[in-house]
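Chemist: Please read through the structure below; I'll follow up with questions.
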Amino acid sequence: MTIQQRVARLHWLGLLWIGLVAGLLFVGVAAVVQVVTAPSAQFTVWVPLDQAGRLAGPDRLPDGMSVDASAHVRALVEEPTATQSLLHVGTSLPTKCVVAAMLLLLVRIVRQARRGDPFTAGNVRLLRQLGATVIIGGIAADVVEALAFKALVGPIVDGAAGGFVWSGWWLVGVAFLAIAEVVSRGLRMRVELDGVI
């Protein structure tokens with residue numbers, strides 16, 4: 001069988017599954033690289049100028065800090081301590097973990113849909129797990145990242161406040177829960193029709 005014939009046999013669910021697996025591998029590798037390189041890597045901290053406490057303007061910035069065009073204080077941490085490295089990882093790793101969990105569940109759902117009937121109790125359960133994982137994990141990731149960022153920038157940028165930003169995970173999670181209920185209703189209707197026939 002030629003490559004063109006194999007590609008022609010892939011329908012959209014197959015392509016979606018390949019894309020999800022590739023995304024999962026990419027996020028997993030990025031998370032591992034971040035954790036492995038964190039102890040020795042220098043990093044840059046960006047703090048919005050309005051959250052930079054007493055650093056009200058460029059004339060008051062200490063050495064190693066600058067203000068960019070988007071009004072952020074840029075602080076380069078050349079030799080981070082173990083605590084600073086851990087906090088820096090904590091400002092983004094939780095989101096990568098939530099995305100990896102989401103992609104893993106989506107891979108399982110699409111795999112089951114490709115192998116047979118997509119309207120199964122198993123897929124409904126996986127969709128509900130996906131919705132709950134995204135809502136709970138996403139909100140937890142937001143909180144952990146905000147606390148890590150505040151603890152990281154406090155000693156670096158004098159008086160930095162560190163704001164909390166909701167990233168909208170709950171909306172994505174609710175969408176998955178809604179899809180789960182639609183699939184569940186379709187499954188119930190099919191069972192009722194099978195009973196009538």
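Chemist: Hey, can you tell me all the residues within the range 103-153 that are of a type in the set (Gly, Ala, Ser) and surrounded by fewer than 16 Cβ atoms within 10 Å (Cβ to Cβ)?
Modeler: Result: GLY116, ALA121, GLY122, ALA132, ALA140.
Chemist: Can you find, within the range 120-173, the residue that is modelled with the lowest pLDDT among those that are part of a loop (DSSP other than H, G, I, E, B) and of a type in the set (Phe, Trp, Tyr)?
Modeler: PHE164
Chemist: Say whether the condition of being modelled with pLDDT of 75 or more, of a type outside the set (Ser, Thr, Tyr) and outside any helix (DSSP H, G or I) is met by at least one residue in the range 15-33.
Modeler: Within the range 15-33 (the criterion being modelled with pLDDT of 75 or more, of a type outside the set (Ser, Thr, Tyr) and outside any helix (DSSP H, G or I)), the answer is no, since none of the residues qualifies.
Chemist: I've got another one for you. Does any residue of the range 66-88 turn out to be at pLDDT 90 or above, part of a helix (DSSP H, G or I) and farther than 20 Å from LEU16 by Cα?
Modeler: no
The values are calculated or read from the model by the stated rules, or taken from the named source; none is laboratory data. Since the model is a prediction, treat every value here as computed from it, not as a measurement. All Cβ positions, even for glycine, are placed from backbone atoms using ideal geometry, and neighbour counts span all protein chains on display.
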